[in-house]
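S.K.: Okay, handing you the structure first.
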Amino acid sequence: MKNYYSLLNSDWNSAIDQLLNDYLIYAPIKSNNSMDYEPVNPENISEIVYNIPKPTTPLKTFFLPVKENLTTDNSTKIKRIIIGAPNCDIQGLKILDEIYLDKDYIDSLYKQKRDNTILISSSCFEIQEHCHCMTYGIKPYSKEIADISLSHVDQRIHLEVLSEKGVKFITELKNYASVSNSPETEIKDIELKQSKIEYQIINDNIGLPDYNKTGKIVEKANEEIWKKYSSKCVSCGACAAICPTCTCFLLIDKPNFEKVRQLDACQYPGFERVAGDEDALYELSKRFKNRYFCKYVWKPQKFKSLVCTGCGRCIEACIGKINKNDLFKELAN
Amino acid sequence: MSDNPNIYKPIRAKLLEVITESPTIKTFVMEPEEDFSFKTGEFIELTVDGIGEAPFTPSSSPLETKKIEVTVMKTGYVTEYMHNMKAGETLGIRGPFGRGYPIEKFYDKEVLILGGGCGFAPIRSLLYSLAAISDKLRKVTLCYGSKTPDECIYKPYVEQLRNTPKFEVLRTVDIPDETWNESVGVATVLLDKVKVDIKNSVAVCCGPPIMMKFGTIRLLELGFNDDQIYLSMEKNMSCGLGKCGHCMMGKYFVCKDGPVFTYDELKNTPSIWE
Ligand code: SF4
Ligand code: FES
């Protein structure tokens with residue numbers, strides 16, 4: 001028996017309304033041309049978008065906000081539910097966990113936020129222009145890390161339980177709505193939708209080298225390539241800011257020995273500047289290259305988790321229209 | 001609720017004394033308000049309240065548990081502030097971080113130490129540790145270089161070392177004055193003056209990148225193996241925790257995987273001397 005539960009969309013909506021008493025809930029909501037996580041309130045519950053990728057902001061910002069006071073922040077204890085994260089973002093949490101929950105130095109703030117958040121990912125039933133998760137071995141639906149995987153099909157919400165926290169959530173949900181096991185036929189239906197999308201993503205990305213090859217390609221690329229692709233880079237750092245796995249930060253000091261963490265990016269000038277003004281990444285093309293080495297060569301040597309999940313946000317966000325996939329395709333052969 | 005401590009929060013340390021070592025270098029003697037200990041070669045992050053934080057490897061003995069010393073060259077914003085501080089003020093300490101010197105591996109060996117400039121700071125802590133186990137070592141030779149005789153730090157300590165059995169100190173300066181009667185030239189010239197039983201030795205390098213680079217090259221020429229050379233790397237360390245990403249050097253986080261590495265571990269990493 002698969003761990004699938006389902007309920008009517010309308011029941012789900014009123015359950016969310018009830019859950020708002022105990023949780024801060026975030027979910028993707030559309031506005032004009034974009035879609036992003038918004039705080040859910042009784043008025044916008046019906047506007048939540050399911051199964052369509054992907055929120056503009058990566059999931060990481062719920063755990064590593066752009067700026068946070070590490071010595072005084074106590075929002076970490078707030079119970080949250082995040083609905084609608086695509087699997088690329090969910091998989092992005094793996095590397096964050098490896099770094100921030102590293103047993104030598106557990107980041108207690110990060111940990112509390114992870115512990116106090118219920119993650120309800122949603123299967124992608126559509127794709128966006130630059131989605132290429134499958135190229136890096138990531139499926140467009142979650143089977144781990146998230147607590148629940150959600151699929152919205154024909155007026156029903158299906159919830160596949162993936163974790164202990166997910167089990168508890170279903171129990172809690174049953175207080176507010178009538179929840180039943182999803183019939184086998186409907187599960188089949190969902191799986192069919194999922195595999196169609198898998199196929200489509202693969203098809204859309206033919207010729208794009210996979211994660212086993214990207215490292216070698218980056219190592220072999222010559223300086224001309226880095227100069228060429230970085231020539232339109234303006235060091236805005238958007239690629240790193242919206243990347244679900246980029247987590248470098250600055251520590252800023254405030255009086256009374258307070259520390260503020262602010263997300264940083266190796267694309268910013270001065271990222272590696274040390275006292276005495278020496279800077280190994282002074283040149284823009286070196287900074288540009290650094291990001292590729294970090295993602296495809298160095299971190300893969302050091303960590304188990306993927307450091308690029310194929311979400312394509314960096315391509316969408318780049319104002320210089322730099323497309324990393326063009327680089328990989330150019331150097332594929 | 002997790003009861004993990006907040007890894008970003010410094011403990012307070014009272015500044016007991018500021019010692020002027022040279023026109024640009026001062027030693028800060030501090031007394032941490034909470035228990036604090038470190039192993040030689042590990043580093044700490046020192047906070048000047050509200051101003052900033054910078055990494056230093058303590059220059060004091062790890063065996064001294066009440067007080068901790070750092071020796072600081074005036075190079076930037078934070079260090080400039082520190083140089084204006086006075087006894088009685090409070091600093092913040094986080095750490096200790098990283099992997100220090102594997103002293104047990106030095107047993108039964110000769111230890112050849114090449115140091116330059118402010119690199120003497122971590123070396124002094126190492127020397128204290130080595131002196132404490134000198135019965136287990138064959139001998140310890142320090143080759144130290146600085147720009148001018150004025151900038152040679154820890155003069156009284158050097159005298160003390162010269163009177164310590166099994167310890168030898170050779171010094172050189174780039175620009176001598178009329179009082180200088182030791183070597184002249186860059187630190188690496190001293191390597192040609194020492195007699196070492198290379199097979200039974202380890203070498204330790206700590207100083208400005210350029211000295212480490214040429215020091216390593218010379219040590220290799222002399223016949224040292226890649227894994228007999230210990231390098232104390234400096235990178236833009238910030239969090240000290242293997243998280244902020246600022247200290248990445250190839251696949252290594254210098255703060256956590258180092259700062260002490262063997263040359264063997266680093267030789268395939270690009271631009272380690274930059
Ligand atoms: S990259 Fe894959 S998982 Fe991410 S939004 Fe696109 S289809 Fe979904
Ligand atoms: S100093 Fe932050 S990762 Fe090393």
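The values are calculated or read from the model by the stated rules, or taken from the named source; none is laboratory data. Bear in mind the structure is a predicted one, so any value in this text is a computation, not a measurement. With ideal geometry, Cβ positions are generated from the backbone for all residues, glycine too; neighbour counts draw on all protein chains shown. The area values use the complete protein model at the heavy-atom level, side chains included, leaving out ligands, DNA and RNA. Shrake-Rupley method; radii C 1.70, N 1.55, O 1.52, S 1.80 Å.
S.K.: Rounded to whole Hz and in sequence order, give me ³J(HN,Hα) for segment A:37-54 from the Karplus expression 6.51 cos²θ - 1.76 cosθ + 1.60, θ = phi - 60°, writing x for Gly and Pro.
M.R.: 5, 10, x, 7, 9, x, 6, 9, 3, 6, 8, 4, 9, 10, 6, 10, x, 8
S.K.: I've got another one for you. When Cβ neighbours within 10 Å are restricted to other protein chains, what is their mean count per residue of peptide A:96-108?
M.R.: What the average comes to for A:96-108 is 4.
S.K.: Summarise the partner chain shielding of B:165-178 as one whole number: the mean count of Cβ atoms from other chains within 10 Å of each residue's Cβ. Provide the component values of the computation, followed by the final result.
M.R.: Details: counts 0, 0, 0, 0, 0, 0, 0, 0, 0, 0, 0, 0, 0, 0.
Mean number of neighbouring Cβ atoms from other chains: 0.
S.K.: Oh, and also: Taking the Cα centre of the protein assembly as shown as origin and charging only Cβ (+1 Lys, Arg; -1 Asp, Glu), how large is the dipole, in debye to the nearest 20?
M.R.: Values: 76 positive and 82 negative charges, 168 e Å.
It works out to roughly 800 debye.
S.K.: A further question follows. Write down the accessible area per residue of chain A in Å², having rolled a 1.4 Å probe over the full set of protein chains.
M.R.: On the way: 14640 Å² over 333 residues.
Here the per-residue accessible area is 44 Å².
S.K.: While we're on this one: Are there any residues in segment A:233-258 with a reduction of at least 40 Å² in accessible surface when going from the isolated chain to the assembly of protein chains? Probe 1.4 Å, please list them by number.
M.R.: Listed by number, the residues meeting the 40 Å² cut-off are A:PHE249, A:LEU251, A:ASP253, A:PHE257.
S.K.: Counting other Cβ atoms within 10 Å, keep those with at most 16, restrict to DSSP loop, and tell me which trypsin sites (Lys or Arg not before Pro) in segment B:130-203 are left. Don't jump to the answer; show the numbers that get you there.
M.R.: Working: sites: B:LYS136, B:ARG138, B:LYS139, B:LYS147, B:ARG162, B:LYS166, B:ARG171, B:LYS193, B:LYS195, B:LYS199; in loops: B:ARG138, B:LYS147, B:LYS166, B:LYS193, B:LYS195.
Here the trypsin sites (Lys or Arg not before Pro) that fit, given the DSSP loop and packing criteria, are B:ARG138, B:LYS147, B:LYS166, B:LYS193, B:LYS195.
S.K.: To the nearest hundred square angstrom, how large is the accessible surface buried between B and A, total for both chains, probe 1.4 angstrom? Mind showing how you got there, number by number?
M.R.: Details: alone 13360 and 16370 Å², together 26240 Å².
By this definition, chains B and A bury close to 3500 Å².
S.K.: I would also like to ask the following. Please work out the average accessible area per residue across segment B:32-137, using the 1.4 Å probe convention, and give it in Å².
M.R.: Numbers: 4140 Å² over 106 residues.
Normalised by residue count, the accessible surface of segment B:32-137 is 39 Å².
S.K.: Taking Rh as the Kirkwood radius, which is the inverse of the mean 1/r over Cα pairs, what is the Rg/Rh value for segment A:211-332?
M.R.: Numbers: Rg = 15.2 Å, Rh = 15.4 Å.
Reported Rg/Rh (Cα atoms, Kirkwood Rh): 0.99.
S.K.: Please return the longest range in chain A lying between exposed loop sites, taking trypsin sites (Lys or Arg not before Pro), DSSP loop only, at most 12 other beta-carbon atoms within 10 Å, and leaving the sites out.
M.R.: Numbers: sites that count: A:LYS2, A:LYS103, A:LYS143, A:LYS232, A:LYS304, A:LYS321.
After excluding every exposed loop site, the longest remaining stretch is A:3-102.
S.K.: Diagonalise the Cα gyration tensor of chain B and give the resulting equivalent ellipsoid semi-axes, square root of 5 times each eigenvalue, largest first, whole Å. Provide the component values of the computation, followed by the final result.
M.R.: On the way: eigenvalues 167, 99, 65 Å².
The three semi-axes for chain B are 29, 22, 18 Å.
S.K.: Mind running the shape call on segment B:1-139? Use the C-alpha gyration tensor, a ≥ b ≥ c as the square roots of the eigenvalues: rounded below 1.5 for a/c, prolate if a/b tops b/c, oblate otherwise.
M.R.: Details: a/c = 2.09, a/b = 1.35, b/c = 1.55.
Oblate, since a/c reaches 1.5 and b/c is not below a/b.
S.K.: Taking the Cα centre of segment A:192-333 as origin, work out the dipole magnitude from +1 charges on Lys and Arg Cβ and -1 charges on Asp and Glu Cβ, in debye rounded to 20.
M.R.: The dipole of segment A:192-333 has a size of about 420 debye.
S.K.: Determine the shape class of segment B:103-232: with a ≥ b ≥ c the square roots of the Cα gyration tensor eigenvalues, call it rounded for a/c under 1.5, and otherwise prolate if a/b is greater than b/c, oblate otherwise. Could you put the intermediate results ahead of the total?
M.R.: Details: a/c = 1.75, a/b = 1.25, b/c = 1.40.
Oblate, since a/c reaches 1.5 and b/c is not below a/b.
S.K.: Here's another thing I want to ask about it. Pick out, from A:LEU192, A:GLY166, A:PRO53, the residue whose Cα sits farthest towards the positive end of the charge dipole of the protein assembly as shown, with +1 on the Cβ of Lys and Arg and -1 on the Cβ of Asp and Glu.
M.R.: My answer, from the dipole projection, is A:LEU192.
S.K.: Mind listing which trypsin sites (Lys or Arg not before Pro) in segment B:42-90 are in a DSSP loop and have 14 or fewer other Cβ atoms within 10 Å? Provide the component values of the computation, followed by the final result.
M.R.: Values: sites: B:LYS66, B:LYS67, B:LYS74, B:LYS86; in loops: B:LYS66, B:LYS67, B:LYS74, B:LYS86.
Answer by residue number: B:LYS66, B:LYS86.
S.K.: At q = 0.07, 0.11 Å⁻¹, work out log10 I(q)/I(0) for the protein assembly as shown with the Debye formula, treating every Cα as an identical point scatterer and leaving solvent out; two decimals please.
M.R.: At q = 0.07, 0.11 Å⁻¹ the computed log10 ratios are -0.52, -1.05.
S.K.: Please go through segment B:96-186 and write out the GluC sites (Glu not before Pro) that DSSP classes as loop and that have at most 15 other C-beta atoms within 10 Å.
M.R.: Values: sites: B:GLU104, B:GLU110, B:GLU151, B:GLU159, B:GLU168, B:GLU178, B:GLU182; in loops: B:GLU178, B:GLU182.
When the GluC sites (Glu not before Pro) of segment B:96-186 are filtered for loop state and at most 15 Cβ neighbours within 10 Å, B:GLU178, B:GLU182 remain.
S.K.: In whole percent, and with a 1.4 Å probe on the protein chains, what portion of the accessible area of chain B is carbon and sulfur? Please report the intermediate quantities before stating the final value.
M.R.: Numbers: 5610 of 11600 Å².
Carbon-and-sulfur percentage of accessible area, whole number: 48.
S.K.: Of B:TYR77, A:MET134, A:LEU20, whose Cα points farthest to the positive end of the dipole of the protein assembly as shown (charges on the beta-carbon: +1 Lys, Arg; -1 Asp, Glu; origin at the Cα centre)?
M.R.: A:MET134
S.K.: Setting aside same-chain residues fewer than 8 positions from B:LYS147, which lysines have a Cα under 18 Å from its Cα?
M.R.: List returned: B:LYS26, B:LYS74, B:LYS155, B:LYS213.
S.K.: Could you tell me the calculated FRET efficiency between A:LYS30 and A:VAL167, based on Cβ-Cβ distance and R0 = 22 angstrom, to the nearest 0.05?
M.R.: Working: r = 31 Å, r/R0 = 1.42.
Given R0 = 22 Å and the Cβ-Cβ separation, E is 0.10.
S.K.: Amide H to amide H, which residues 5 or more places from B:MET249 or on other chains are under 5 Å from it, using H placed in the peptide plane?
M.R.: The list, which skips near neighbours in sequence, is B:VAL254.
S.K.: Is the C-alpha gyration tensor of segment A:75-232 telling us rounded, prolate or oblate? Criteria: a/c under 1.5 is rounded; beyond that, a/b larger than b/c is prolate, otherwise oblate. Numbers along the way, then the final one.
M.R.: Details: a/c = 2.89, a/b = 1.37, b/c = 2.11.
Taking the square roots of the gyration eigenvalues as a ≥ b ≥ c, segment A:75-232 is oblate.
S.K.: Shifting gears a bit: I'd like the per residue volume of the convex hull spanned by the Cα atoms of chain A, given in cubic angstrom. Spell out each step's value before the answer.
M.R.: Working: hull volume 50.7 nm³, N = 333.
Convex hull volume per residue, Cα atoms: 152 Å³.
S.K.: Sticking with this one: Mind checking which lysines have their Cα closer than 22 Å to the Cα of A:LYS228? Skip sequence neighbours fewer than 8 apart in that chain.
M.R.: Correct list for A:LYS228: A:LYS213, A:LYS216, A:LYS220, A:LYS286, A:LYS289, A:LYS295, A:LYS321, A:LYS324, A:LYS329.
S.K.: Amide H to amide H under 5 Å from A:VAL153: which residues, 5+ apart in sequence or cross-chain, H placed 1.01 Å off N in plane?
M.R.: So A:VAL153 has HN proximity to A:HIS158.
S.K.: Here's a follow-up. Mind checking the dipole of segment B:161-274: about its Cα centre, +1 per Lys or Arg Cβ, -1 per Asp or Glu Cβ, Debye to the nearest 20?
M.R.: Values: 13 positive and 15 negative charges, 71 e Å.
Magnitude of the dipole: close to 340 debye.
S.K.: Something else about it: Apply the Karplus curve 6.51 cos²θ - 1.76 cosθ + 1.60, θ = phi - 60°, to the phi angles in segment B:161-169 and return the couplings in whole Hz, x for Gly and Pro.
M.R.: So the Karplus estimates, Gly and Pro as x, are 5, 5, 9, 9, x, 6, 9, 9, 10 Hz.
S.K.: In peptide B:233-245, how many Cβ atoms from other protein chains are near each Cβ within 10 Å, on average?
M.R.: Details: counts 0, 3, 3, 10, 1, 5, 8, 2, 7, 6, 13, 9, 12.
If you average over the peptide's residues, the count of other-chain Cβ atoms is 6.
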